[in-house]
Amino acid sequence: MIVILLGPPGSGKGTQAKRLVAKWGWPQLSTGDMLRSASTQGTRLGLEAKKLMDKGELVPDEVVIGLIKERAQAADCESGFILDGFPRTLQQAEALDQMLASTGREVDLAVLFLSSDEVLVRRLSGRRTCLKCGSMYQLETMPPRSQGVCDQCGAVLVQRDDDKPEVIKSRLAVYHEKTAVLTEYYRSQGKLRSVDANQPFDAVTVNLIQALTEK
Ligand code: AMP
């Protein structure tokens with residue numbers, strides 16, 4: 001099954017994607033994680049991307065489309081994958097469709113994470129991320145067991161540069177301007193489902209699994 005988790009930054013797509021990975025074993029393809037990893041490794045692509053990410057802007061379509069094309073060819077993606085943070089523009093969505101069609105596949109479902117900007121700002125401001133393994137925490141609702149330390153791998157947790165208040169605003173504006181149109185794109189294909197992402201994480205997981213399994 002090929003599933004897209006669609007929604008604004010901070011709506012919990014990454015957290016829920018990891019839960020689906022644990023439940024169903026499909027890999028999570030997160031362009032944000034791929035770009036952060038390239039930036040940590042100091043590759044030219046990663047460093048260029050970081051400049052845009054730190055301002056809350058989108059990385060060029062051709063860059064992220066290239067990353068997804070390469071990753072989706074891997075053997076572990078054969079029986080499906082979960083897209084988290086891709087596509088973010090109409091051009092990316094169309095490129096994804098073309099790429100899948102070339103191997104006789106298609107997107108099965110896109111699940112829209114509905115959340116208010118007020119909740120998103122609060123969540124993103126309190127988010128802490130492990131740069132080593134990608135685990136995410138939320139100081140109010142999902143804190144680590146030991147302050148500032150990743151439960152999974154013991155590395156130090158950081159606040160992402162783009163989770164700082166001034167950048168959060170730009171990221172939300174970019175979402176409304178460039179990504180929100182994808183809702184209509186998938187709705188018109190009869191592939192859109194939605195979940196109330198303002199709920200606590202466990203309730204969202206229950207609704208998400210329902211959305212993905214209901215006929
Ligand atoms: P995320 O971790 O999904 O919130 O992504 C963090 C940042 O990476 C975004 O604010 C963008 O700068 C960049 N990024 C991630 N995915 C994409 C994408 N599909 N298209 C363009 N830029 C992206």
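Taken together, the values in this text are just the output of simple stated rules run on the coordinates, not laboratory data. What you see is a predicted model; the values in this text were computed from it and never measured. Note: ideal-geometry Cβ built from the backbone for every residue, glycine included; neighbour counts use all protein chains shown.
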Would the stretch 68-208 count as rounded, prolate or oblate if I go by the C-alpha gyration tensor, calling it rounded below 1.5 in a/c and otherwise prolate when a/b exceeds b/c, oblate otherwise?
prolate
Could you tell me whether the stretch 100-162 comes out rounded, prolate or oblate from its Cα gyration tensor? Rule is a ≥ b ≥ c as square roots of the eigenvalues, rounded for a/c under 1.5, then prolate if a/b exceeds b/c, otherwise oblate.
oblate
Which of LYS23/LYS191; LYS55/LYS178; LYS51/LYS169; LYS18/LYS169; LYS69/LYS215; LYS69/LYS132 have a Cα-Cα distance over 19 Å?
LYS23/LYS191; LYS18/LYS169; LYS69/LYS215; LYS69/LYS132
Taking only Cα atoms and a 10 Å spring cutoff, compute GNM fluctuations for the chain and point out the largest among GLU184, GLU118, GLU78.
GLU118
Segment MET99-ALA155, extension gain: residue separation times 0.36 nm, minus the distance between their alpha carbons
16.5 nm
Highest first, please rank the peptides 3-9, 107-113 by the mean number of other Cβ atoms sitting within 10 Å of their residues.
3-9, 107-113
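Where does the chain land at 222 nm, in deg cm²/dmol rounded to the nearest 500, when only DSSP H runs of n ≥ 4 count, each adding -39500 (n - 2.57), divided by all residues?
-14000 deg cm²/dmol
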